[in-house]
Amino acid sequence: MGSEAHRQLHVFFFPFMAPGHIIPTIDIARLFSARGTKSTIITTPLNALHFADNISRDKQSGLDIDVQVIPFPAKEAGLPEGCESINSITSPDMVIKFFKAVELLQQPFDMLLEKHRPDCVVADMFVPWTTDVAKKYGIPRLVFHGTSYFSLCVSENITRYAPQEKVMSDSEIFVVPGLPDQIEMTKSQLPNCGNRDSYGFSERQEKIRDSEVKSFGVLVNSFTELEPAYADFYTKELGRRAWDIGPVSLCNRNLIDKAQRGKKASIDEHFCLNWLDSKDTDSVLYVSFGSTASFCTAQLLEIAMGLEASNVPFIWVIRRLHNKEENNFLPEGFEERMQGKGLVIRDWAPQVLILEHPAVGGFMTHCGWNSTLEGISAGVPLITWPVFAEQFNNEKLITQVLKIGIKAGNEVWNSWIEPQDVSVTKDRVEDVVTQLMGNGEEAENRRKRASKLGKTAKKAVEKGGSSYNNLSALIEEIRLHSQNI
Ligand code: UDP
């Protein structure tokens, strides 16, 4: 073999500035480095701060991984200084400005590519222009959507066949045509229906689709055994090249990496683990709605009352409310009454650490794909409460295909900036929590299916597992591509 075959590959990783995109992309960069490539993560100053410690630890342990910081043009796009993440947006007009700022990163990104000439670029779906910029230098670009094969297939077939245009109302059920299973949805669960396209969704979607088709392929945080029919459909029917290499969260193997994933948790991890140690196996429900979704005070009250009434021990992560001064939204005396029974974490929880604890027996989730897959990897059944983005698609995978979850009952895609009314009442919260955590036959079967999937997920990333092998194959393809140009 010539020296080219032994040359170290260099891969650029360019995540969109949102925790749900940055977190898995960093895991992917670490996975690549663990296989001997040099990984460079491109991000902006404030985002880099959140994972600087993790990267230094990686470097100390011998991984060739680095961060290249480029300024975020917040001011130029009309955003307040320091607004560098989609989850610091507080009004709808800021969304458009945020995407404008991201567009402005094209030139600095181009300059970095010209200077470093990496062998491959893994870039987020929300920076579709990276396909063309990379092509200029003969560099292949891989797209990272951050969602499941299932969701990609559902979205594509909704775009192709527009079944939502044939129903009479927002709540009438339609079947998404052409998929391996009978997947039922309603118009109210779609992001781009009615007057909700104020964030420029459709136009952006077209650019994303176009850049995906022209790219080298798609990197998927999933594993083949989880959704084989959809992995097949995506590649064979929809004609995309794709590599599933997940669940990528499983690359966090030590306590500190798990505790600080995304950002430093707002609770001491030892306190949290001790609290869980004091609980019975599978007895605790973990409740979290991700890094971005927020609820109105009235909805938070319903959740609190429902959790209390269920009598099930819980850990509930509550993000600070947007545009609200007061943080005093829990029922009178709630935290005192819940002492020892329920743990409220404000802002940021060490999610993977919690989910993996044997005391955790269920997860109420907003169905963000990372959370969904982290729940699946931990082998726990889910209560699905989708809010926005493609979360309703993920809910269908969980409830209609994998059958490892039950619906909380929210049926309407909600703006994540201006949460609206109560969509799930206290009684419904109590009901789904008792169903999921109970001992009935259905609950047991659900638990068994979830547990089996958790074991399969772990195998997929071990040496010789499907995701492990897919990553090996992808690295080989990138090498071949580099040798041939
Ligand atoms: N996360 C976390 N602690 C929190 C909230 C979120 O570690 O308190 C992590 C979670 O583990 C996941 C990511 O943030 O990896 C959220 O991504 P997801 O796709 O679930 O939802 P999004 O935040 O994008 O809506």
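Only the coordinates and a few stated rules stand behind these numbers; no lab work does. A quick note: this is a predicted structure, and the numbers were derived from the prediction, not measured. All Cβ positions, even for glycine, are placed from backbone atoms using ideal geometry, and neighbour counts span all protein chains on display.
The label point for THR434 and the one for ARG7, both projected 7 Å from the Cα toward the Cβ, are 6.6 nm apart. Counting beta carbons within 10 Å around each of ARG479, ARG446, ARG35 and listing the fewest first gives the order ARG35, ARG479, ARG446. Compared with the dominant Cα axis of the chain, that is its longest principal axis, helix 441-461 is turned about 20°.
So what is the relative contact order of the stretch 262-458, in percent, for Cα pairs below 8 Å that sit 6 or more residues apart? Computed value for the stretch 262-458: 27 percent relative contact order. Overall, the stretch 254-352 carries a charge dipole of about 360 debye about its Cα centre when +1 sits on the Cβ of Lys and Arg and -1 on the Cβ of Asp and Glu, all other atoms neutral. Summed over qualifying helices (DSSP H, 4 residues or more, each -39500 (n - 2.57)) and divided by its residue number, the chain shows a 222 nm mean residue ellipticity of -12500 deg cm²/dmol.
Extension gain, VAL175 to SER451: 0.36 nm times the residue separation minus the Cα-Cα distance gives 96.4 nm.
Could you calculate the FRET efficiency of VAL412 with LYS59 from 1/(1 + (r/R0)^6), where r is the beta carbon distance between them and R0 is 35 Å, rounded to 0.05? Before the final figure, lay out each step's value.
On the way: r = 46 Å, r/R0 = 1.30.
Efficiency, from the Cβ-Cβ distance: 0.15.
Only one residue of ALA242, SER39, HIS6 has its Cα farthest out toward the positive end of the dipole of the chain, where Lys and Arg carry +1 and Asp and Glu -1 on Cβ, and that residue is HIS6.
If R₀ is 51 angstrom, what is the calculated FRET efficiency for the pair SER202 and ASP277, using the beta carbon separation as r and rounding to 0.05?
Numbers: r = 49 Å, r/R0 = 0.97.
Once the sixth-power term is evaluated, E becomes 0.55.
Quote the relative contact order of the chain in percent (integer), defining contacts as alpha-carbon pairs under 8 Å separated by 6+ residues.
Working: 859 pairs, mean separation 74.3, N = 485.
Relative contact order comes out at 15 percent.
Modelled spin-label separation between ILE485 and ASP427, with each label point placed 7 Å from Cα along the Cα-to-Cβ direction: 6.2 nm.
Dipole magnitude for the chain: about 1300 debye, using +1 per Lys or Arg Cβ and -1 per Asp or Glu Cβ, origin at the Cα centre.
Principal-axis analysis of the Cα atoms of the chain puts helix 106-116 at an angle of about 50° to the longest axis.
Summing Lys and Arg as +1 and Asp and Glu as -1 over all other residues whose Cβ lies under 13 Å from the Cβ of GLY306 gives a net charge of -3. Modelled spin labels at ALA229 and ASP93, positioned 7 Å past Cα toward Cβ, are 4.7 nm from each other.
Measure nothing fancy, just the Cα-based angle from helix 466-484's long axis to the longest principal axis of the chain, in degrees from 0 to 90, nearest 10. Approximately 20 degrees, to the nearest 10. Cβ-to-Cβ counts within 10 Å put ASP58, ASP431 in ascending order as ASP431, ASP58, the fewest first.
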